[in-house]
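Comments concern the structure below.
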Amino acid sequence: MRKALVWTLGLTLWLGLVGSRAMAQTSPAGGTGPLVWALTGGDEKAYQDAVAQYNQKHPAAKITLQLFPNEPYKQKLLVAMGAGNPPDLFFNWGGGILKSYVDAGNVADLTADFAKDPTWKSRLFPAVLAAGTFGGKIYGVPINGMQPVMFYINNKVFQEVGAQPPKTWSELMAVIPKFKAKGKALLAVAGADRWTYLMYIEYLVDRLGGSQVFTDIAAGKPDAWSHPAMLKANEMIQELVKQGAFVKGYTGTSYGTGQSTALLTSGRAGMQLMGSWDYPNILAGSPDFIAKGSLAWMPFPTIEGGTGSPGDVVGAASNLYSVTSKSTHKAELLDFLKTNILSDSNIDVLLKNGSVPPVIGLEAKIAKAPQAAWLSFVYSIAKNAPSFQLSWDQALPPAAADALLTNLEQVFLVKITPKQFSDNMNKAMKR
Amino acid sequence: MTDAAGAGAGRDSDGPGLAMPVDAAPPGARAGRKRGERGGPNLAMALPALAMFGGFALAPMVLVFVLGFTQWSGLGKPVWTGLSNWHEAVHDPVTQGAGWLTLKLMITSWLVQTPICLLLGVFIAGRQRYRSVLAVIYFVPLLLSTVAIGITFRALLDPNFGVSAAPSLAFLAHDWLGDEDLAFYSIVAVVSWQFIPFHTLLYQAGVRQIPRIIYEAAIVDGAGRLAMFWYITLPQLRYTIVTSSMLILVGSLTYFDLVYVMTGGGPGFATRLLPLDMFLSAFSRREMGRASAIASLLVGGGLLLSLVLVRFSGFARMRSQQEGL
Amino acid sequence: MRNWLRVVFRFNILGAAAGVFWLVVVVLPLYWIVITSLRSREGFFEAQPLDLPSPVTFDNYRHVLEGGYFNYLTNSVVVTAVTVGLTLLISVPAAHAIVHSPSRILRLSFQLFLLGLAIPLQATIIPVYLIISELGVYDTLWALVLPGIAFAIPLTIVILVNFLRDIPRELYEAMRIDGASHWRMLLHLTLPLSRPAIVTVMVYDALNVWNGFLFPLILTQSPSSRVLPLGVWSFQGEFNIDVPTVLAYVVMSTIPIVALYTVGRRYLVSGLTAGFGK
């Protein structure tokens, strides 16, 4: 027994020594160059491409890029910022969360740098910088494609059911029973992911009352949530639920693992309201679906009697890179942002990925890219949109965003009335 | 004489009268005698463990407790707010609901897991060869990571694509994770699936410790199998039952990972347990102070529970169950 | 002897039925994981979940192995081995002390460890992050080991205590009469006799460290200090998860720990038959 004990102790100590050498080898900041944090998936290739291009020209002080998935990233960034240990450049969605970092003094103001170089700003779509602009000051630089939301359509299912994709709301309501009669559902929605519900209310409110409704809400006007358009929108949502428009089990279907999209591609549902980021997923997961021409797309239907512009679009304008205020690498990063982000070659990488960058004058490039039909559609609705509304849960401050998701889910579960929704949200904004 | 086929601890007849201790003194007297003696192991044996635990687990928890008296969004400086977080946490209907839900989880988990683990533990403690192969397979659920289990059951329980879609299993077609009532029980089922191997192992180890002679004596007295289970196995497993129950109950109190991955607390509030409420308060609503208050209440509750269990079952008296043999 | 066998056999019919039922319940999801990992991503949803994949593909496994798997594996092995080793090193003496000492301080320590069972990890990540930062070990593997030990200690000690106190006092009495110090008793009596318990906690602690996700997430950032649970990130994006590849990764991450359990179990079994006799 003593031998075994000696062996165990010895092994542990040895492992400890070897291990400590292994463990100590990593220098925390990963080198002397700037540190950049971004997300995995999607446009990852574009982020890496931009960094690779920069590092080729600056071998002495290379940029280190570290990638994380969505949810863990948000927590990690918060902890790092709060502890005063953030990266030099970080990926974000603009809106309320970026504003919280700006208010805490953690983000560098880039307005002056933009002013020094007018072309930097003018080649971009104006709407795209808005997400990172607070109080007239610019805090974020767009880095990837615009992500408007639209209806993805399964043509074959509509043919089977004997209907046309609806262009107006009354057409949409009329089509629902036709789908039910054939044992299918009109709308696939991923309730388990809550944010997927947002796209409905964002469009409904915009079509009914115009973009001003949410602008007032975001500005913090008291009782802005009680606008009639908001109440009507929630009523319409609950009407959809009652009519059986949504797919069976929609409250537990998730999007992240591809379940709701699979409902569309497998023919169990006719349409899914989703952002342009889903196209690459379909391309990877069900390429035949696209190749055979079963996939179609269209903007959100118009609503008779609504005052909003039919061309308005909701979604994510583009993701941003922001510079941390304490960073010692500001000069290098500005160089990087101007030269390598959304450069011509970077744009090509994005287009190949199925992303449409918010840069003016890309029509020719798009026409030559693979998936040109899709890309042109996305580009044109984004370019021509009178208003491009940032997703509400990104636009609002974190606590209100959370309240929104919670209450909206209750609406979709038909557990609260539209009036209760508005009251709850008005209260939540006051906190 | 070691019995290779014995199901319990074999006791040698070598050694100075150890096989059948003839100790006639009552247990209390024995303990008393010990107190007078050389004083037992010194603190130094436990010091490293106390130091590590204190430094990296207790100290953070104390900080968390202090944070409960502040309001903090994670950025900037915390602001002292006294008892308001605690007051709000206790009065908030969502947190209250989370509390009740957690209690429900604790009780349901215990009711589901303990009988199954007991039976399985006794079963696996048998010595047939195929049982050891089975034991490895039974254990794999515990070895899987949360990501694995989350993705697997999310997919299997999907109302349109999972087992609900398999034609031969029509009775399994339900909205497992989307129906508010079912979602909770689905979580209980998956958590049980994950942890039954562990508690089965505890019970198996416990059963193997029961000396065979007790069973042999009972057979001589003509006891049937049920009687032996009820009057021998269960009592001898008493402390194992306490350990396992404590781990199940306190574990359910702090259970977070899998629920977060599978339902995120939904649909609605159907699976929003207390640890989830705490986590979402911290990272979704950026209310670190409030989350810390909830965390402290959790720890307090867990500690209270453990202490009650321990006191109630005589666990802390550190006496062997096999005394008096 | 024959009576005993007959009784055991009769009792276990019920147990056997339960065992078979449980086997199905366990194996079904595992089966799903393995066959799905062999599916291609295309048409993943169209196929019936429980059918065998028609073109079986090992591409997913190839992706996994090419994606830094061995680096993560090494890190995981080092972190797990060191954490579990050190945890056992300090917990076994502590458990021995708690069981055999009349000291009130040690009683209190036991209750302190009970408290440790109830601490939710997610609550402590910010303070732990600050401590690790202060110590200057952020983004190294020590950042994972130190808190890992601390949080493994409560469970380890509780299980060990439960087992240790069943070791007959008489054995210790005998050694004390011979003039042994408690350290000798620990080494020569407690340690050999508590092998089953030690193996049990060793496997369970290893398991928790191996699959631990939260501390690695917050306390490391570079790919060079990444452990297995984080490596799966390469296959997860903001809006999509490549399920078959992720499952292939899961299989590759689980095999080492299954191996550990299989080996450890053999010691468990042999340790249990030795019992408390000498």
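Structure above, values below:
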{"item": "Which numbered condition C:T87 fails, given (1) surrounded by fewer than 19 Cβ atoms within 10 Å (Cβ to Cβ); (2) under 17 Å from the mean Cα position of the chain (by Cα)", "result": "(1)"}
{"item": "Selection status of B:I248, under 12 Å from the mean Cα position of the chain (by Cα), at pLDDT 85 or above, within 30 Å of C:P120 (Cβ to Cβ) and within 9 Å of chain C (Cβ to nearest Cβ)", "result": "no"}
{"item": "Residue, nearest to B:F269 (Cα to Cα), within the range B:107-117, restricted to residues that are open to solvent by 20 Å² or more (accessible area, probe 1.4 Å) and touching a residue at least 40 places away in the same chain (Cβ under 8 Å)", "result": "B:T108"}
{"item": "Every pair of residues 6+ apart whose Cβ atoms lie under 7 Å, when the first sits in the range A:419-431 and is buried (at least 17 other Cβ atoms within 10 Å of the Cβ) while the second is outside any helix (DSSP H, G or I)", "result": "A:M429/A:G220"}
{"item": "Residue check, B:L307 more than 10 Å from chain C (Cβ to nearest Cβ) and not hydroxyl-bearing (S, T, Y)", "result": "no"}
{"item": "From B:L309, B:L276, residue being in contact (Cβ under 8 Å) with a residue 12 or more places away in the chain and open to solvent by 20 Å² or more (accessible area, probe 1.4 Å)", "result": "B:L309"}
{"item": "Identity of the residue in the range C:136-172, within 12 Å of chain A (Cβ to nearest Cβ) and free of Cβ contacts under 8 Å to residues at least 12 places away in the same chain, that ends up surrounded by the most Cβ atoms within 10 Å (Cβ to Cβ)", "result": "C:W142"}
{"item": "Residues (assigned to a strand (DSSP E or B) and either under 25 Å from B:G178 (Cα atoms) or without any contact (Cβ under 8 Å) to a residue 40 or more places away in the chain (or both)) located in the range A:244-296", "result": "A:F246, A:A269, A:G270, A:M271, A:Q272, A:L273, A:M274, A:G275"}
{"item": "Identity of the residue in the range B:198-218, more than 16 Å from the chain's Cα centre (by Cα) and of a type outside the set (A, V, I, L, M, F, W, C), that ends up most open to solvent (accessible area, probe 1.4 Å)", "result": "B:E216"}
{"item": "Some residue of the range A:111-131 being aromatic (F, W, Y), more than 24 Å from A:Q389 (Cβ to Cβ) and touching a helix residue (DSSP H, G or I) at 6+ places or on another chain (Cβ under 7 Å)", "result": "yes"}
{"item": "Lone qualifier among A:D216, A:D193 - being within 14 Å of chain B (Cβ to nearest Cβ) and open to solvent by 10 Å² or more (accessible area, probe 1.4 Å)", "result": "A:D193"}
{"item": "Near pairs, Cβ below 6 angstrom, 6+ apart or cross-chain, from the range B:167-190 (closer than 13 Å to B:G265 by Cα and of a type in the set (A, V, I, L, M, F, W, C)) to any residue that is in a loop (DSSP other than H, G, I, E, B) and at pLDDT 90 or above", "result": "B:A183/B:T271; B:F184/B:T271; B:I187/B:T271"}
{"item": "Selection count, the range A:44-67, where residues are at pLDDT below 90 and within 9 Å of chain C (Cβ to nearest Cβ)", "result": "1"}
{"item": "Matching entry among A:L396, A:L413 (being under 27 Å from A:G132 (Cβ atoms) and either open to solvent by 20 Å² or more (accessible area, probe 1.4 Å) or within 13 Å of chain B (Cβ to nearest Cβ) (or both))", "result": "A:L396"}
{"item": "Criterion: among the hydrophobic types (A, V, I, L, M, F, W, C) and within 23 Å of the chain's Cα centre (by Cα) - qualifying residue of A:A403, A:A364", "result": "A:A403"}
{"item": "Single residue of the range B:279-296 satisfying the filter (among the small types (G, A, S) and within 12 Å of chain C (Cβ to nearest Cβ)) that is farthest from the chain's Cα centre (by Cα)", "result": "B:G289"}
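Yes/no per residue for (1) in contact with a Leu (Cβ under 8 Å, 6 or more places away or on another chain); (2) in the same structural domain as A:T119 (by TED's automatic domain parsing):
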| residue | (1), (2) |
| --- | --- |
| A:V349 | no, yes |
| A:A367 | no, no |
| A:A372 | no, no |
| A:A399 | no, no |
| A:L408 | yes, no |
| A:M425 | yes, no |
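The values are calculated or read from the model by the stated rules, or taken from the named source; none is laboratory data. The shown structure was predicted, so the numbers you read here are calculated from the model rather than taken from an experiment. All Cβ positions, glycine included, derive from the backbone under ideal geometry; neighbour counts span all protein chains shown. The area values use the complete protein model at the heavy-atom level, side chains included, leaving out ligands, DNA and RNA. Shrake-Rupley method; radii C 1.70, N 1.55, O 1.52, S 1.80 Å.
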